[in-house]
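Reviewing the structure listed below.
What follows is calculated from the coordinates using simple rules that are stated; it is not laboratory data. In this text the structure is predicted, and so the values were computed from the model without any measurement. Neighbour counts are summed over all protein chains in view; Cβ atoms, including those assigned to glycine, are modelled from backbone coordinates with ideal geometry.
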């Protein structure tokens, strides 16, 4: 049983501008209609995990905005609004902040010159791993650490190459189990965990989500 019980999830509908989003996958331009179908199945999967799903409308001016996790780091004690370092993503966090105000009274912000994206932050029980990249810099990481430590959490930074975000290649499944793509396996920060190692040709499978008693994983 996972120690954190989730009740709600927030998602954002993909916009047609999704085709102009940032990617390192070399899979070609996404099919918008197929993306909508896949997003709908994702929502269905979240509901099957017992969650109430809050669906935000598409924002066409932000091609990557359907990847809503990058906009904030959420805990049961606070929400921390991200500050994007990538110019095309600056502003995505505004509408997400408006939604979060309905559910949080304690909301903090990452401020310039610090930058941070939620996809670079992975929670393991009450510890947070923060990956340092050009999307999440040292100043942004230190701001997040200061906020979380005041609330009783612990934090550490990690360096990993190749993956777009930390959680693109590493996911915590609970009970000391971690699923990792090949490159992050070598990182000493994850030495103590039971490792499920994903081959490079199936690396997307490392980008999964533990939701209560379920794991949502790419087909």
Can you tell me which residue among 22, 55 is surrounded by fewer than 18 Cβ atoms within 10 Å (Cβ to Cβ) and under 21 Å from residue 115 (Cβ atoms)?
-> 22
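Test residue 129 against the stated conditions and say whether it is touching a residue at least 60 places away in the same chain (Cβ under 8 Å) and in a strand (DSSP E or B). Before you say what the answer is, go through the steps one by one.
Details: touching a residue at least 60 places away in the same chain (Cβ under 8 Å): yes; in a strand (DSSP E or B): yes.
When the stated conditions are applied, residue 129 passes them.
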Taking segment 145-166 and keeping only residues that are in a helix (DSSP H, G or I), touching a strand residue (DSSP E or B) at 6+ places or on another chain (Cβ under 6 Å) and either closer than 22 Å to residue 107 by Cβ or touching a residue at least 60 places away in the same chain (Cβ under 8 Å) (or both), one is left with 145, 147, 148
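Residue by residue, here is whether (1) in a loop (DSSP other than H, G, I, E, B); (2) free of Cβ contacts under 8 Å to residues at least 40 places away in the same chain; (3) in contact with a helix residue (DSSP H, G or I) (Cβ under 6 Å, 6 or more places away or on another chain); (4) at negative phi holds:
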residue	(1), (2), (3), (4)
40	no, yes, no, yes
55	no, no, no, yes
60	yes, no, yes, yes
65	yes, no, yes, yes
70	no, no, yes, yes
94	no, yes, no, yes
99	no, no, no, yes
105	yes, yes, no, yes
119	no, no, yes, yes
Going through segment 207-219 one residue at a time, which ones are buried (at least 18 other Cβ atoms within 10 Å of the Cβ) and in contact (Cβ under 8 Å) with a residue 40 or more places away in the chain?
-> 207, 210, 211
Inspect all residues belonging to segment 79-88 and state whether any of them is in contact (Cβ under 8 Å) with a residue 40 or more places away in the chain, out of contact with any helix residue (DSSP H, G or I) (no Cβ under 6 Å at 6 or more places or on another chain), outside any loop (DSSP other than H, G, I, E, B) and surrounded by fewer than 19 Cβ atoms within 10 Å (Cβ to Cβ).
-> yes
